[in-house]
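The values are calculated or read from the model by the stated rules, or taken from the named source; none is laboratory data. Since we're looking at a predicted model, the values are computed, not measured. Cβ placement follows ideal geometry from the backbone for every residue including glycine, while neighbour counts extend to all protein chains displayed.
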Amino acid sequence: MFRSRRHRPPFPLLFVVLTGLLLGACSGGIGQDRKDRTLVKRPNIVFVLTDDLSWDLLPYMPQVQRMQREGLTFQNFLMADSLCCTSRATIFTGMYPHNTGVRTNFPPDGGYHVFQRKGGEQASFAPALQKAGYRTAMLGKYMNGYEPRDRSGLPRKVPPGWSEWYVGGNGYPEFGYELNENGRPVHYGHRPKDYLTDVLADKSTDFVQRAGGSGQPFFLEIATFAPHGPFIPAPRHATAFPRLRAPRPPSFNEPDISDKPSWLRKHRKLGPRRLTHIDDSFRNRARMVQSVDEMVGRIRSTLKTLGRDKDTYVIFGSDNGFHLGEHRLAGGKMTPYTSDIRVPFVFTGPGIPAGGRADAITQNTDLAPTFLDMAGLRVPGSADGRSLVPFLRGDTPDDWRQTALIEHVKPPFSAADPDRQDSLPGSPATYNALRTTDMLYVEYADGEREYYDLTRDPHNLDNLAGTLPEERRRRLSALLYALTHCSGANCASAGRSR
């Protein structure tokens, strides 16, 4: 049965208990060294969250590749919804979109004001960390619809849980933006030094230097607007990769889409002009992430210089993926396909095995529980996800989920939405989906279905929904119903089925 816009009541309040250990008895300690069994208590956490970064950009990011060599990469990290605001609401709270009530980027079904009205800021991991003694800082992009000033022109107050706040509204052009800096609006112009990713890098390293000597543990989130469109690189990278083209996987400009749902069958094959635009876009996306990669390197170098690399965990990831030519789609996200929902996530820090790969199904619902668990705090019962800490120690829990829930409500058109191209005709219809390591099953609100055998068809080319045995289809539909109605521990229980 399909579920689209039914919202739950406001978030329950978070009650967290500081245990005095890094993870508490059941976790065993994130920084536990397998040789001397020592624990890193109350570690520092640096979280770099990019916007629309896809796996195919990692080959152009040597600092992130270094993180992969020195840490753990989650190979099947999936977004519960491949859309900016819904993903961020889930990251902050550990709840699926059907429980956050944030279903789109703007009201009435999403955006900053909906997140705020439904108690998302109080349910975020930030107040719990701050209450436990962490110095917290948020930089860059917060939620779609957030502006440094309110509608009357007055500066917005810093949301609960954040000790320091340097957050912008429309930072997508990377120049000519305004940041709310601890409740004070500051305008940045169009000089090279105003490039937003570089400004965030400067503020990040400054915070690390100040917080590193404060005696408090710290949590720092740097949420870049890069590499989201309009794909404007820093001036120093504007001519990099002059002959680079977008990757051409088997799904690129897919020859036959007759088996696809009706919203996709409307798309014609991409012609020469659109293919040129796709190549230009990919080239500029690769250029944009150079600044992000340099920022990662600067932060890690600063931590090492201060000697804080020994008690700090650095996490790199993205809020969603991005398609650029796959399945005849020129550029965007929001589909249930691998290009959009599978994103890179890399963890580095003391006790994490170098060069590790985790193949288990993990999701953005797991990030808030992980941050709380790393800080030695209890994960609230309202969380739909689970802590990733066992994976950071090299373990895979026997009762870990087998199936991820993907859910998406097609947003109404809004001229203010930078992702508005995905709300136009020919964009993904409202759907719910199940994803395992070897299968994708999708139910659309209009009754259409998709099923892909990912072992034989990792690029989602052959829709086998019409050949599914009836019993198999019923089981998948029942599991999808259970997950779209789950909350808290029920989500973990339902996710163990497949």
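Restricting attention to the stretch 151-170, the residues that are modelled with pLDDT of 95 or more and either among the charged types (D, E, K, R) or within 21 Å of Val208 (Cβ to Cβ) (or both) add up to 11. For the criterion of being in contact with a Phe, Trp or Tyr (Cβ under 8 Å, 6 or more places away or on another chain), part of a loop (DSSP other than H, G, I, E, B) and either crowded, with 19+ Cβ neighbours inside 10 Å or modelled with pLDDT of 95 or more (or both), Ser427 passes. Inspect all residues belonging to the stretch 242-252 and state whether any of them is at pLDDT 95 or above and in a strand (DSSP E or B). Yes, the stretch 242-252 contains a residue that is at pLDDT 95 or above and in a strand (DSSP E or B). For Asp198, the conditions (1) touching a residue at least 40 places away in the same chain (Cβ under 8 Å); (2) within 24 Å of the chain's Cα centre (by Cα); (3) buried (at least 22 other Cβ atoms within 10 Å of the Cβ) all hold with the exception of (3). Among the residues of the stretch 96-119, none is identified as over 18 Å from Asn432 (Cα atoms), touching a residue at least 60 places away in the same chain (Cβ under 8 Å) and polar (S, T, N, Q). Contact map, the stretch 366-391: first residue touching a residue at least 12 places away in the same chain (Cβ under 8 Å) and closer than 22 Å to Gln216 by Cα, second residue among the hydroxyl-bearing types (Ser, Thr, Tyr) and assigned to a strand (DSSP E or B), Cβ cut-off under 7 Å, separation 6 or more or different chains; pairs are Met374/Tyr313.
In the stretch 238-252, the residues that are surrounded by 15 or more Cβ atoms within 10 Å (Cβ to Cβ) reach residues that are hydrophobic (A, V, I, L, M, F, W, C) and assigned to a loop (DSSP other than H, G, I, E, B) with C-beta atoms within less than 8 angstrom, at least six apart or across chains, in these pairs: Ala246/Leu324; Ser251/Leu461; Phe252/Ala246. Pro159: out of contact with any Cys (no Cβ under 9 Å at 6 or more places or on another chain), surrounded by fewer than 21 Cβ atoms within 10 Å (Cβ to Cβ) and either in a loop (DSSP other than H, G, I, E, B) or touching a residue at least 12 places away in the same chain (Cβ under 8 Å) (or both), yes or no? When the stated conditions are applied, Pro159 does not pass them.
Taking the criterion of being among the β-branched types (Val, Ile, Thr) and within 28 Å of Lys260 (Cβ to Cβ), the residues of the stretch 273-330 that qualify are Thr276, Ile278. Among the residues of the stretch 213-225, the ones that are touching a residue at least 60 places away in the same chain (Cβ under 8 Å), farther than 27 Å from Asp319 by Cβ and small (Gly, Ala, Ser) come to 2 in all.
Looking at (1) touching a strand residue (DSSP E or B) at 6+ places or on another chain (Cβ under 7 Å); (2) closer than 30 Å to Ala132 by Cβ; (3) surrounded by 15 or more Cβ atoms within 10 Å (Cβ to Cβ); (4) in contact (Cβ under 8 Å) with a residue 40 or more places away in the chain, find the lone condition where Pro261 falls short. Against the list (1) touching a strand residue (DSSP E or B) at 6+ places or on another chain (Cβ under 7 Å); (2) closer than 30 Å to Ala132 by Cβ; (3) surrounded by 15 or more Cβ atoms within 10 Å (Cβ to Cβ); (4) in contact (Cβ under 8 Å) with a residue 40 or more places away in the chain, Pro261 comes up short only on (2). Scan the stretch 67-92 for residues that are free of Cβ contacts under 8 Å to residues at least 60 places away in the same chain and surrounded by fewer than 23 Cβ atoms within 10 Å (Cβ to Cβ) and report the count. Final tally of qualifying residues: 0. Condition first: under 30 Å from Pro272 (Cα atoms) and not basic (Lys, Arg). Can you find one or more residues in the stretch 344-367 that meet it? No, that holds for no residue.
Remark: Ala358 falls outside the filter, which requires a residue to be out of contact with any strand residue (DSSP E or B) (no Cβ under 9 Å at 6 or more places or on another chain) and either crowded, with 23+ Cβ neighbours inside 10 Å or not β-branched (Val, Ile, Thr) (or both).
For the stretch 303-324, how many residues are buried (at least 21 other Cβ atoms within 10 Å of the Cβ) and either part of a helix (DSSP H, G or I) or over 21 Å from the mean Cα position of the chain (by Cα) (or both)? So the count comes out to 1.
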